[in-house]
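Everything on this sheet refers to the single structure shown next.
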Amino acid sequence: MKRYRKWFLTGLAIVTVELGSVALLNYIVDPYGFFRYGTWRHDVSHQYSGTSKNFIKTRYVAQNPLKYDCLIFGSSRVNGLDGRQIKDATCYNMNYGDGLPRNHLDNLRYLLKKGVRPKIVLIGLDEFSYKEDPAEHFTDYMRYPYPPAVHQSTALFYLKYLLRYSWRSMKEPLEGFEGKRQPARYDHYGTGLEDGPPEAEKIIEANPIKYAQDARFQEAMITQGDRMAETLEEIGETVDLLKAHGIRLIIFINPIHKATYLATGLEKFFLFEKELSNITSFYDFSGLNSITTNNYYYYETSHYRRNVGALMLARMFNESSVKVPADFGVLVTRENIDQHLTDLRTQVAGLGSAVRW
């Protein structure tokens, strides 16, 4: 009997050491940045892989409820908007990967409960906002929401994260040290913005014509799915929530690159705009205009550059000192939606069979 007890205790000790080693490794490497805050050691400014922005940013703003009076929500595309350009506001960019209206609604409910009181909230929408299922975010640490915002236990989440075994936990720092990755510049605890390697901007400006001819701009970003009814309901709840708290809400549709725009299923997209106009007014930066048809303004067929974001903010906040192209950004209302959709259809009519409806 003593022999069995000895084997049991030995086995238990081995398992404990192994689990402890895995937990320590995951804590030290922390490829998603969950524990990189609070001290100099937890700095994400030069993270080699991405971070779980939804989780980290929601936690941070909730812990600093009086620091910001302006919040910008949206997918990673709205990283192109620098909130420091908004006058008389201290703005934080909440952008996170594949950010969906459901995510923004959950986060806003939670932040308001924690005492966050912004004067202005901006929400950016995409062609995939009514397609992708937010439930899929619970299977991806990179997109995982902050547990308290979705009524989950933070302690259990951390435990599961620390005890997971992943080759990425070891691979990520090795690639960084070997110089195989360029770190991004994250400012999660300041503006919320992320800046890529500065070399990228230098390459663009060095030869804009050559850059615009790159093959990457032929590859459309295509998403599937249909959550239109649920998404519109979530947007409606967000409008009502912020109205009840006296918070100004500005909703806008991101400038979708021409290739992605034409591949998205335009009649569904136009229906989404029609239904959205019945809920709230919004700025539409999509369509075929002088920005979305010019590769110079994009990193690929998904993300627009910071110079585009400056034009968007100027349009939405009526900043006359910035010259915005006349065809870029339309304030859509219930009264002008039909004419607006006619204009969008007219834009693509000349493209003939190349357009995928």
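Observations on the structure shown:
- Filter result for Pro145 (in contact with a Leu (Cβ under 6 Å, 6 or more places away or on another chain), farther than 22 Å from Arg248 by Cα and surrounded by 21 or more Cβ atoms within 10 Å (Cβ to Cβ)): no
- Which numbered condition Ser286 misses (of (1) among the hydroxyl-bearing types (Ser, Thr, Tyr); (2) within 21 Å of Ala200 (Cβ to Cβ); (3) crowded, with 20+ Cβ neighbours inside 10 Å): (2)
- If you filter segment 255-297 down to residues that are within 19 Å of the chain's Cα centre (by Cα) and not in a loop (DSSP other than H, G, I, E, B), you find that the one that is nearest to Gly350 (Cα to Cα) is Tyr261.
- Pairs, first on the phi > 0 side of the Ramachandran plot in segment 301-321, second assigned to a helix (DSSP H, G or I), C-beta under 6 Å, six or more apart: none
- Those residues of segment 290-305 which are of a type in the set (Phe, Trp, Tyr) and surrounded by fewer than 16 Cβ atoms within 10 Å (Cβ to Cβ), in sequence order: Tyr296
- Tabulated pairs, segment 244-265, first in contact (Cβ under 8 Å) with a residue 60 or more places away in the chain and closer than 30 Å to Pro118 by Cβ, second among the acidic types (Asp, Glu) and buried (at least 21 other Cβ atoms within 10 Å of the Cβ), C-beta under 6 angstrom, 6+ apart or interchain: Ile253/Asp284; Asn254/Asp126; Ile256/Glu127
- Condition met for Thr333 (within 20 Å of Asn79 (Cβ to Cβ), among the polar types (S, T, N, Q) and modelled with pLDDT of 95 or more): no
- Test for Leu163: is it surrounded by fewer than 18 Cβ atoms within 10 Å (Cβ to Cβ), more than 21 Å from Arg248 (Cβ to Cβ), more than 18 Å from the chain's Cα centre (by Cα) and free of Cβ contacts under 8 Å to residues at least 60 places away in the same chain: no
- Selection status of Thr238, in contact (Cβ under 8 Å) with a residue 24 or more places away in the chain, polar (S, T, N, Q) and within 26 Å of Val324 (Cβ to Cβ): no
- Single residue of segment 19-51 satisfying the filter (part of a helix (DSSP H, G or I) and at pLDDT below 75) that is surrounded by the most Cβ atoms within 10 Å (Cβ to Cβ): His42
- Residue match in segment 170-182 (condition: at pLDDT below 85, within 24 Å of Tyr298 (Cβ to Cβ) and of a type outside the set (A, V, I, L, M)): yes
- Residues within segment 298-324 that are more than 21 Å from Lys210 (Cβ to Cβ) and assigned to a loop (DSSP other than H, G, I, E, B), tallied: 8
- Taking the criterion of being more than 19 Å from Ala259 (Cβ to Cβ) and within 22 Å of the chain's Cα centre (by Cα), the residues of segment 298-354 that qualify are Arg306, Asn307, Gly309, Ala310, Leu311, Met312, Leu313, Ala314, Arg315, Met316, Phe317, Gly329.
The values are calculated or read from the model by the stated rules, or taken from the named source; none is laboratory data. Since the structure is predicted, the reported quantities are computational estimates derived from the model, not experimental observations. With ideal geometry, Cβ positions are generated from the backbone for all residues, glycine too; neighbour counts draw on all protein chains shown.
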